[in-house]
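Computed from the coordinates by the stated procedures, all read-outs in this text should not be read as laboratory data. Computed from a predicted structure; not experimentally measured. Neighbour counts are summed over all protein chains in view; Cβ atoms, including those assigned to glycine, are modelled from backbone coordinates with ideal geometry.
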Amino acid sequence: MQLLVVVLNKDEHLEQVLQGFLEVGVRGATVIDSVGMGRIISYNIPIFAGLRHLFDAERPQNKTIFAVVEGTMVDDAIAMVEEICGSLDEPGAGIAFTVPISHVKGLAEEL
């Protein structure tokens, strides 16, 4: 099992990504509002205030998705995210990573 974490920089993709998760077999996910470090330091730490022009003022938050997935689903899930959001290698598209999970309890068997 893997914990798949996806940070969407453009929250308008959220519904489509969640629908895509269902299509690749991801049974559930948790979505939270999140804010990147760059935005925080550019707005809250005066010495970095000059960086404000680097951030889209209309997008103060990201959406972070957490999903516990079978290891075999990871590549399909990330490919689907990139199909919707564009290559995650491009700046501003978002990020995705996994963390190994050694124990899970409470995960739904099926939707």
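A Förster radius of 30 Å combined with the Cβ-Cβ distance from Arg27 to Ile95 puts the calculated FRET efficiency at roughly 0.85. For the range 59-98, backbone nitrogen atoms closer than 15 Å to the point 7 Å from Gln16 Cα along Cα-to-C-beta are found at 79-88, 93-94. If the chain linking Ala79 and Val35 were pulled fully straight, counting 0.36 nm for each residue of separation and taking away their Cα-Cα distance, it would gain 13.5 nm.
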